[in-house]
Each structure stands twice: as C-alpha cells, then as structure tokens.
Amino acid sequence: MALPKYASTTERIWHYTYLVLCGAIFFFLIAPIVVVIPLSFNAEPYFTFTDEMLAFDPEGYSLRWYDSLLTFGMANPDAPRDGSWWADAWANAKWIKAAKSSVIIGVFSTILATCLGTLAALGLSRPEMPYRRAIMAVLISPMIVPIIITATGMFFFYSNPCELLTWFGLSPQCGKLAGTYLGVILAHATLGIPFVIITVTATLVGFDQSLNRAAASLGANPRRTFFRITMPLILPGVISGALFAFVTSFDEVVAVLFIAGPDQQTIPRQMWNGIREQISPAILAVATLLVIFSIALLTTVELLRRRSEKLRGITPH
Amino acid sequence: MAHSLDPQGAAVTASEIAPEGPLRTADGQPLARALARSQARARRQAFLLVLPLLLFVLITFVVPIGQMLQRSVKNDGFSANMPQISAWFAENPPGTEPDAAAWQALALDLQAAAEARSIGVVGTRINYDMPGTRSLFTSAGRQVRRGIEPPYREKLLEMDEDWADPQLWSVMRQASTPYTANFYLAAMDMTRDEAGNIVRVEEQQRVYLMLFMRTLWLSLLITFTTFVLGFPVAHLLATLPMRKSNLLMILVLLPFWTSLLVRTTAWMVLLQQQGVINDVFVWLGIINDSQRLQMIYNQTGTIIAMTHILLPFMILPLYSVMRTINPSYVRAARSLGATSWTAFRRIYFPQTLPGLGAGALLVFILAVGYYITPALVGGSSGQLISNLIAMHMTRTLNWSMAAALAAMLLGGVLILYWLYDRLVGIDNLKLG
Amino acid sequence: MQKTIVLTSALCGFGLAAQAQNQEVNVVSWGGAYERSQVEAYNIPFAKKTGIKVNMLAADNPATPLKAQVEAGNITGDVFDIEVSDAIRLCDEGALVEIDPADLPPAPDGTPAAEDFIPGALRECAVANIFWGTVIAFDTTKFGDNPPATAADFFDLEKFPGKRGLPRNPKRTLYLALIADGVAADAIYDTLDTPEGVDRAFARLDTIKNDVVWWDAGAQPVQLLADGEVSMATGYNGRFFDAMVSEGKPFQIIWDGQYMDLDMFAIPKGSPNPEAAMAYLKFATDTQRLADQARYIAYGPSRKSSAALVGLYQDGKTEMGPHMPTNPEHMTTAVMDDPEWWADHDAEMVERFNAWLAN
C-alpha cells in the first residue's frame, strides 16, 4: 500500500505508525508459536531462555526432551538402542501410542466426514434443494454449539446408544460406543462435517453446471459424469475439507476426555494430562512437532486452493 | 446430474412462446405437469444426496444433545426409588400434615431402598435441594436395612429429629415427581422456600448469574480486542499487492492451523512469572525481579490467550470484505475535500461493516462456549460458564444442574447463530 | 424411522465388536510420583507373577471418572484408587463390588487381614493402601533465617511474603483456615458444622485470597514451588518428599495442621476385567507390597505388619520414618478426614467455595 503523493506530514506519520502497529500485531500472532521451538531444545527443565541458550552455547541446547517422548512409558528405556529397544518404544512409549490412536481416529473420522459431507454438499448446492437454509444450519451447528455441550450430550448417548430405541417402544440390549474407537470416530466425524460442507460448497459455487449437462448430452450416465467431470473439478475443495476435518479430529480434546476409554489416548489428551500434571519441556517438544505438522498442512491447503482457483478459472482476487 | 429435461431451460422457452392452450412436451404430456414432475424429481434427488449426512448428524449430534437437555428437567433419583411415599404425595395435596400412612410409606421405602442399595441415590437427590440431608438418608438406611417395625414415626424420629422438618417434607414432595424446574431455578441462583415460593439463594451461594454475566462480558471484551487488533491487519492485507499479502497471510493462517493446545501451552510458557515475557521485562528494567507480573491463572491470561486464538476468525471475514472495496470511493472522497479521517469514517468503514458483523458474531459465539483455554490459563477469576458445566459434569456429578446450565448457554448461542444466519448467511462462512 | 433403527443397531454392533477382551487390568490412579511408586511396587511384580498387563491411567482425582462411569453405566477402569469419602458414598449407591476381608491375604505371621489392617482401613467395598497427608511446604531459599513453622504462618503475608498455592476445593482449604485461626484439630468438624464456623473459615481465606494460585492436580503445587510461582503451597506430602529427596529441591515441610486421609482401592460393579481386578487388588494390598511402596514414596502403609518392613528409600540412604505422615510427632495436630461429613456437605461446600472464588 503506497502513500499517495498528496499526503500531509501528519498522514505520513500516521501511516508509518500504522505499519508499525500492524507489524506488532503480526508479531503477537506468530511469536507465541515460534518461541516454543527453541525452548523445546532447552537443556534445562525451564520454560525460559537460559544464559547458555542466549549465548548460543551448544551446552545450553539438547535433544533430551525429544528423547523423553520416546522413552516415556517404555518397559526398558535404559536398554541398548538396538532393534528390540525400538520395538519396545513402538509398542509401549506413551506418546507413540497416542500418535497411533490419533492417526487411526483422525483417518477414519476424516473418511466418514468427507464422504458424507461431499455428497451432502453436492445436494446442497443444487438450486432445487428443498429447505436448504434450515438443513445447512443443522449441518453446520456442530461447529457453533459449544464443545462442552456437544461432548456432554455424546457422553450420555454413547454410553448407552440403545436408549434411543426405547422411544420407539423397543428395549433392545446393545453395547456402548463410549470407550471404543468407533465412538470417538463417530464423534470426531460429526465435528469435522461442518468444515467439509463449508469448503466443498464454496468450491461448488464456482462450478459450472453446464459442464454436467454437456457430459450428459454426450451420453455419459450420472455416475460417469460425477467421476469424470464433477469430481476432478471439486477435488481440491474436497481435499482441503478433508484436511480441515483431519485437523479438527487431530486437535480435539474435550470429546476425547468425555467419551474415550483407556485405549483411545490421543496426542491432545496426552498433552492435556501433561499440561495439568507437570508441564515439562517435553510438552514443548510435542508442540514443536505439531507446529511443523501444521506448517505442512497449511502449505498443502494453500497449494490446493490455488490449483482449485486455476481449475475453475477464477483469477486470484 | 443429467436430466432429460432441464426445468430452467424449459421455463424460459415456455414464457417466450406465450401460447394459447396447454403446451405439450414432445411425447404429448402437458408441459406444466412434466415440468412439475421433473422438478419434484430434482428436489428428491438433491434431498437424497443430503439425507445420509442429515441422518448422521441427527443421530450423533442432535439426539444426544436433546437427550442431555431432558436431564435438566428430569431427575427420578427420588421418585423411582421411593415409590410408596411418592404415591402418598400424589394423593394428598400440598400442606397435608404427614399422617401415619405417610410415615409408613417413608419407612418401608427407606428399607427397600437400603436393601436395593439405592439409598445413596435418593439421598443425593434430596441433598441437591436441601444440603446436609444426604447422611440423614444413608444413616437411616443402614439402620432399617434389616427391617423396621411400627410405630414408624417414632422410630424414625428416634434416629434423627430432622425427619419431622417441614422443609424436608416440602423438598421430598417436590422430588416425588420425576420432572422438575428446580435445576433451572438453581441455575439462576434461586430456590424454593418451605412454602414453595421462589426466592433468591443466600448471597454467598450466588454464583451462576455472576458467571453468565462474566462470560458475556469477557466474550464482548475479547470480541472488541480482536476487532481492534484484526481491523488494521485485515486492512493492510487487503490493500497490499497480492504477492506480499499472500506472504503475510501465512502469519494469520499458521496460528489458525496450529493446535489449540499448542497455542495455549505457548501462552503458559510466555506469561508465567518465571516465563519469557517477565524475563524480558526484568531484563529491560521495566520491573524489578521481585515484582514479576501475574499475567496467568487469572482473567488477564484468559483474555490474552483467547484473543490470540480467536483473532484469525476476525481477520479472515474482514479481509474478504475489504478485498472487494473499491479504493476509488475513498479517493473520490479525498478529491472532494474530505480529510483522510473523514474519508475513512464516512466512506471506508461503513463498507467494512458486513465483514465486521460476520467476524464479531463468529468470535463472540465461539468465545461464549470456550472451555479448554480458560480451564488451563484462567485460574479462578478467568473461568467461564463452560468450566462450571464441566465441573458439574465431572466433579459434583449433578448432571441435571450441568444440563440446565448447558441449556441456558445453548439457548443463547442458538439465538446468536440465528442472528448470524439472518445477517451474514451461513453460506458465507469461509475458512482460510 | 426404520432406517434409524437399522443404523443404530449397526452402530451398536460395531461397538460390541470393538470390546475385544484380553488379559489386562486398567488401574486409575493419581499420576506423578505416586503413580510411579505404584508401578514399581505393584504393577511390575504383578505383571511378572501373573502375566496380566497393567494399564495405568492418571486422573486429577480418580473418583471423578469413576463416578461418571458408574452413573453413565459405561465402565472402562477396573481398579480405582480413591479417597475414603468417595468409597463410602459409592458403596452406598451400590456402585462398588463388596470385598470380604477373609479373601484378603493374611499377614506373614498368619494374622488375618481383618486384624492386620489399621482400623478404618477396611471398608465394605474398599481396601486402603496408604495413609497420606496434605501438608504445607515452602521454598527454603525464600525466607532465610526465620522460616515459617505453623499453619498460621501460611496466612501471614507480611512476615512471609510471596504467593500461596492451594488446592481448588473446599475439603483441603477450609480446615487449614480454621487451624490457622486457632481451632483445635479435633474440633474442626464441630466448627464446620455451624454456619458461623464456615463463615469463619472463609473469612480467614479472604485474607490471602488475592495471593493464591489454585491448583487441581497433585503434581502442580510441586511444580509451582519449583518454578518460583509461589513461595508456599499445600500439597501431598509424598510429592514434596519426592521433589526434595530425589530431585534435591530446596523445600521444607511444615507438619503443623496436616490433613490425613486414606487412599483405597475399589472395584466398580461391571468393570471390564473383574477377575484380574480382584487379583490385582489382593496382590497390591499384601504386607510386602504395601511396605515396598514406601520405598518409593513417603506414604504410610495401611497394614500394621508392613510397618516393620519399611526401611530405606530407594536411594538406599534416606530413612523413611521421619518423612511418614503417620510418624507420631506429625500426628499431634493432624486433622483426620471425616468421610461422613463430606458425603453430606461436599456439594454444598463446593458450591459456596466456587461462589466465593468467583466473587
């Protein structure tokens, strides 16, 4: 943004103040995330920069907190680091177990949310869709309703899902969903759905319906039209929706606190325990890894967005 | 997707021709009927695409919340386990002195409940409305478990004189039906006195209204700070050339994509008394080492961390509206003699209002229901209503109370959500 | 409607399938140094002896998930380490498996378990493992030559400046305020039984309210002291001991006005692995195991026969006796937990406490 030639001195001063102010706000946004990274290499169990760190003395830095992520929970952490040590870490280390749970839950809930969400988005973006606004409002609501309310409701429901059937005069016996992978996956899928709907419908706004008609008039059946014409065009939107859903699940802790059992200790749940229990720099090491992970995701989403705009022929703003 | 008949195309043709007599399609059907049929089919198809997800969300989300809200008015801890005395209450109008039949019903119910080991549940239910009575039930239960003989009234009074307390009988009467509004009363810091009138609770017990007010006030404050911080940044991003603004946008989007727990942890590290910010202040000589600032485990911590976390939700909608504002309006105002301030206030700012409204409502809605961040950095003065719901869910286990508070919070959020839909439109919700 | 039913039943089917059983036992305990002591003293030898895998889960207070799981009919833990008041309350509500003392292993000299346990340590549905104290600890580097020595000093901000760490619950704060106010240890509950007594406790807490950092989990007060966030805190004596002895932190404990409580093992009805749970409970409360735990943390064993076996700390040089909450010298002004009183007044006090905190 350039300053016009006719600007007065006051305006110039004001303009530079404004730029400095914006710089400070950007700093406020990014500094907390960046500051975690060097602190995770602290050789001491403190959350601040030691004198050695400030002097860039290699003594002040160490990988001990990253190492503790591996050894925490292992049966024999002090054994020599050979194949069986790594096997032990893979099977028993708490953070690795948490990562495995997070990935399982994240992947399956994403698949569920993306499939159902994309189908629904296709329906919602048709002009003929009845009650569009009301249905959209219901489908987006998991994002709006406070998570504590959602988690509380799910906690009761998943503990005894068959209670629902008593409303229809049935009294079947069935298991519970709370404390199972399926329960957490269903819960996370529900929370991820609004993001899929929002991103996919946004992609479909620029979608040219005449392409479908052209395909149909050339003799393609609906299925073929979908997979050969619609899908490739909306794919970037679907993938970024899926990534949003994955991140939602990967970062979710309240629903996990309420409905997960001992087997579904995810990374955020483990972090929550760690923060409440004893925030050692090991938490900062996890945080650093997660920041790197989110940078990778952000890059992917940005590339997809640009590709999608190019595909749909929308020039970027 | 492929329709043999395109309804819109057909409608255009029909109006262009403007014929006399009913139009017919190629196969001889009346056009109006064919059109209606094809449109109905299109509607059905669209609806079928949405149906699986709608059912999914209804089952995994709407029904559970509905079920939970039912608990705010339903608690059968007393009525289900004390059937005889409940029946006595139903037969006799309020104000009836407990007679021999009532004492007998009470004693036999107590015995049955003690045997079935549900006496604790009964005591807990009455204890909600009248603190200190739980042990009355459990200790009576222990004594009558092996059996109780008449005269019941005298036997019970021998165990504890409090059994004759009229307030106890009034509370038992209220609990003798499974449905009650008492939990909503309690959620508004009110209770019933002996005669059943609604009164405010004692001053030192009032907490919920104050917390609702605090939640509103902190959410408003956080919305305001995100506006103050978000507006200049969004404006800068919207007016910079694309390449530069895309680069700076990363600084907004990275926090948006970073785990909530990571950001909260980061603030804990920064704001601690022995943390980075205090260290910097001491090093700069702004404060003395012995007077480090308390910036966490209080409201300040909640406000700072939540402002940071919610800021992108303000910047993104503002940015997308500001992008579309034509800079020539401001230039025109300037060329007509307006000062830069007037041009901003009269021309530019009004055009940003849709983005501002969207951002502010979204931030406010999200802030009102926040739980994680206040729980970790809020100390005692930075707790919000969500934290109290969680406390009743997990600590005191007064689930009916948690449900009543949740229902009130949910009501507020849904009104705001409706407002958002009316003013902004859910379709306009954008992410990144 | 049909679809709803089909879908729900399908979901339930999945749920059942996911409940695969194998030989393991889920133990929910308090985390931190305490959990480590149980892993060393109970879990590792138990797994070695029986081949049953022990999953240890941490909670701020295990009674919380236990109550929630029982109420919701959704039990995922097998053995819970809880306080007496919670054990009694849950037993009254029929949520816990009853335990016959005759099933528990006798002392090595053959004394039956019913006589070997200290009075109060055996309840209808729960067996105690340790006695523990909530005590005041302070940072010795903060106060120089004239360190605090009594509960009243904890409330004296002028002579002993600095923030205070206190647990965010009424149970472990009100008694301390009354002790500091001059109420005798054995008169605490009589005082709390009157509205004036409760007012008195809150009035005393008011004097330091603005300087308190509240904690929720047992490891936090230690962390707060170590980080210098507070100069004095109350916390569990074993945690402070661990920080002092094994991490060499400059802390000192004030035993005046300690709050004594028992921790008990209980098994909820309907737990996923009931047999393994009972086997674990019996194993963990035998004489040797209880004595072993004291090697790893400074809590007093609940069996008389264990006391003789308690020797040195795991470092091989620290005598455990002077660090035990059950040491007679520490008992003179100790407040014993009154589970019945708290079962009655917990909800009321929590509400008032929260109102007080929030205002």
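The values are calculated or read from the model by the stated rules, or taken from the named source; none is laboratory data. What you see is a predicted model, and the numbers here were worked out from it, not measured in a lab. Neighbour counts run over all protein chains shown; Cβ positions are idealised from the backbone, glycine included.
Out of curiosity, is C:PHE131 aromatic (Phe, Trp, Tyr) and under 25 Å from C:VAL39 (Cα atoms)? Criteria met by C:PHE131. Please specify each residue of the stretch C:19-74 satisfying the condition of being in a loop (DSSP other than H, G, I, E, B) and under 14 Å from the mean Cα position of the chain (by Cα). Those that are in a loop (DSSP other than H, G, I, E, B) and under 14 Å from the mean Cα position of the chain (by Cα): C:TRP30, C:GLY31, C:ALA59, C:ASP60, C:ASN61, C:PRO62. Condition check for C:ARG164 on (1) more than 11 Å from every other protein chain (Cβ to nearest Cβ); (2) surrounded by fewer than 19 Cβ atoms within 10 Å (Cβ to Cβ); (3) among the basic types (Lys, Arg): one failure, at (2).
Look through B:ARG153, B:ARG134 and report the one residue that is closer than 17 Å to B:LEU106 by Cα, buried (at least 17 other Cβ atoms within 10 Å of the Cβ), in the same structural domain as B:ALA101 (by TED's automatic domain parsing) and free of Cβ contacts under 8 Å to residues at least 24 places away in the same chain. So that I can check it myself, show each step before the final result.
Values: B:ARG153 fails: free of Cβ contacts under 8 Å to residues at least 24 places away in the same chain.
Unique residue meeting the criteria: B:ARG134.
Within the span defined as the stretch C:120-129, every residue fails to be touching a Phe, Trp or Tyr at 6+ places or on another chain (Cβ under 8 Å) and within 14 Å of chain B (Cβ to nearest Cβ).
Matching residues to (1) at the interface with chain B (Cβ under 9 Å from one of its Cβ atoms); (2) surrounded by fewer than 24 Cβ atoms within 10 Å (Cβ to Cβ); (3) of a type in the set (D, E, K, R):
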residue	(1), (2), (3)
A:SER141	yes, yes, no
A:ILE185	no, no, no
A:ARG223	no, yes, yes
A:ARG228	no, yes, yes
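Scan the stretch C:99-116 and tell me whether some residue there is surrounded by fewer than 24 Cβ atoms within 10 Å (Cβ to Cβ) and assigned to a strand (DSSP E or B). No: zero hits.
Among the listed residues B:ARG173, B:ARG214, identify the single one that is in a helix (DSSP H, G or I), within 22 Å of the chain's Cα centre (by Cα) and crowded, with 16+ Cβ neighbours inside 10 Å. Working first, answer last.
Values: B:ARG173 fails: within 22 Å of the chain's Cα centre (by Cα).
Checking each option against the conditions leaves just B:ARG214.
The rows are residues; the columns are (1) surrounded by fewer than 20 Cβ atoms within 10 Å (Cβ to Cβ); (2) more than 14 Å from chain B (Cβ to nearest Cβ); (3) over 18 Å from the mean Cα position of the chain (by Cα); (4) among the small types (Gly, Ala, Ser).
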site: C:GLY257; (1), (2), (3), (4): no, yes, no, yes
site: C:PHE265; (1), (2), (3), (4): no, yes, no, no
site: C:GLN293; (1), (2), (3), (4): no, yes, no, no
site: C:TYR299; (1), (2), (3), (4): no, yes, no, no
site: C:GLN314; (1), (2), (3), (4): yes, yes, yes, no
site: C:PRO325; (1), (2), (3), (4): no, yes, no, no
site: C:GLU329; (1), (2), (3), (4): yes, yes, yes, no
site: C:MET336; (1), (2), (3), (4): yes, yes, no, no
site: C:MET349; (1), (2), (3), (4): no, no, yes, no
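Residues B:LEU237, B:LEU247, B:LEU271, B:LEU284: which one is touching a Ser or Thr at 6+ places or on another chain (Cβ under 7 Å) and more than 7 Å from chain A (Cβ to nearest Cβ)? First the steps, then the outcome.
Values: B:LEU247 fails: touching a Ser or Thr at 6+ places or on another chain (Cβ under 7 Å); B:LEU271 fails: touching a Ser or Thr at 6+ places or on another chain (Cβ under 7 Å); B:LEU284 fails: touching a Ser or Thr at 6+ places or on another chain (Cβ under 7 Å).
Criteria check complete, one pass: B:LEU237.
Just one of the listed residues (B:PHE256, B:PHE281, B:PHE224) is farther than 30 Å from C:ALA347 by Cα, free of Cβ contacts under 8 Å to residues at least 24 places away in the same chain and within 25 Å of the chain's Cα centre (by Cα), namely B:PHE224.
State which residue pairs qualify: first residue on the phi < 0 side of the Ramachandran plot and inside the stretch A:286-302, second residue basic (Lys, Arg) and surrounded by 16 or more Cβ atoms within 10 Å (Cβ to Cβ) in any location, beta carbons under 9 Å apart, and separation of 6 or more residues or different chains. From residues that are on the phi < 0 side of the Ramachandran plot, the pairs are A:ALA287/B:ARG263. For the stretch C:272-288, the set of residues classified as assigned to a loop (DSSP other than H, G, I, E, B) and surrounded by 24 or more Cβ atoms within 10 Å (Cβ to Cβ) consists of C:THR285 only.
Confirm whether B:ALA101 is out of contact with any Leu (no Cβ under 9 Å at 6 or more places or on another chain) and part of a helix (DSSP H, G or I). Quick ask: steps written out before the conclusion?
Details: out of contact with any Leu (no Cβ under 9 Å at 6 or more places or on another chain): yes; part of a helix (DSSP H, G or I): yes.
Considered against the rule, which asks whether it is out of contact with any Leu (no Cβ under 9 Å at 6 or more places or on another chain) and part of a helix (DSSP H, G or I), B:ALA101 comes out as yes.
Does any residue of the stretch A:190-212 turn out to be more than 7 Å from every other protein chain (Cβ to nearest Cβ) and under 24 Å from C:PRO65 (Cα atoms)? Checked against the condition, which is being more than 7 Å from every other protein chain (Cβ to nearest Cβ) and under 24 Å from C:PRO65 (Cα atoms), the stretch A:190-212 yields at least one hit. Of everything in the stretch B:177-205 that is small (Gly, Ala, Ser) and surrounded by fewer than 19 Cβ atoms within 10 Å (Cβ to Cβ), the residue that is nearest to the chain's Cα centre (by Cα) is B:ALA181.
In the stretch B:74-98, of all residues being out of contact with any Ser or Thr (no Cβ under 9 Å at 6 or more places or on another chain) and part of a helix (DSSP H, G or I), the one that is surrounded by the fewest Cβ atoms within 10 Å (Cβ to Cβ) corresponds to B:GLU91. Note on the stretch B:367-424: residues that are of a type in the set (Val, Ile, Thr) and more than 8 Å from every other protein chain (Cβ to nearest Cβ) amount to 5.
Look through C:ALA277, C:ALA291, C:ALA233 and report the one residue that is modelled with pLDDT of 90 or more and either among the basic types (Lys, Arg) or in the same structural domain as C:GLN38 (by TED's automatic domain parsing) (or both). Don't jump to the end; show me each part of the working.
Values: C:ALA291 fails: modelled with pLDDT of 90 or more; C:ALA233 fails: either among the basic types (Lys, Arg) or in the same structural domain as C:GLN38 (by TED's automatic domain parsing) (or both).
Among C:ALA277, C:ALA291, C:ALA233, only C:ALA277 is modelled with pLDDT of 90 or more and either among the basic types (Lys, Arg) or in the same structural domain as C:GLN38 (by TED's automatic domain parsing) (or both).
On the basis of being closer than 26 Å to A:ALA285 by Cβ, in a helix (DSSP H, G or I) and free of Cβ contacts under 8 Å to residues at least 40 places away in the same chain, does A:VAL103 make the cut? Criteria met by A:VAL103. Within the stretch A:62-92, how many residues turn out to be without any contact (Cβ under 8 Å) to a residue 40 or more places away in the chain and within 21 Å of A:VAL36 (Cα to Cα)? Counting residues in the stretch A:62-92 that are without any contact (Cβ under 8 Å) to a residue 40 or more places away in the chain and within 21 Å of A:VAL36 (Cα to Cα) gives 5.
Among the residues of the stretch C:117-162, the ones that are within 16 Å of C:THR326 (Cα to Cα), in contact with a Leu (Cβ under 9 Å, 6 or more places away or on another chain) and not aliphatic (A, V, I, L, M) come to 6 in all.
Pick from B:ARG125, B:ARG117: which is under 38 Å from the mean Cα position of the chain (by Cα) and on the phi > 0 side of the Ramachandran plot? Lay out the reasoning, then the answer.
Values: B:ARG125 fails: on the phi > 0 side of the Ramachandran plot.
On inspection, the qualifying residue turns out to be B:ARG117.
Out of B:TYR329, B:TYR319, I need the residue that is assigned to a helix (DSSP H, G or I), away from chain A (no Cβ under 11 Å) and aromatic (Phe, Trp, Tyr). Which one?
Working: B:TYR319 fails: away from chain A (no Cβ under 11 Å).
Sole residue among the options that is assigned to a helix (DSSP H, G or I), away from chain A (no Cβ under 11 Å) and aromatic (Phe, Trp, Tyr): B:TYR329.
Being among the polar types (S, T, N, Q) and modelled with pLDDT under 85 holds for only one residue in A:THR110, A:THR118, A:THR50, and it is A:THR50. Closer than 22 Å to B:SER380 by Cα, basic (Lys, Arg), under 26 Å from the mean Cα position of the chain (by Cα) and within 14 Å of chain C (Cβ to nearest Cβ): is that true of B:ARG263 in this structure? Answer is no for this residue. Here A:ALA31 does not fit the description of being within 26 Å of A:SER68 (Cα to Cα), of a type in the set (Gly, Ala, Ser) and more than 10 Å from chain B (Cβ to nearest Cβ).
Quick check on my filter: what residues within the stretch C:289-325 are in a helix (DSSP H, G or I) and of a type in the set (Ser, Thr, Tyr)? Hits for the stretch C:289-325 are C:TYR296, C:SER305, C:SER306.
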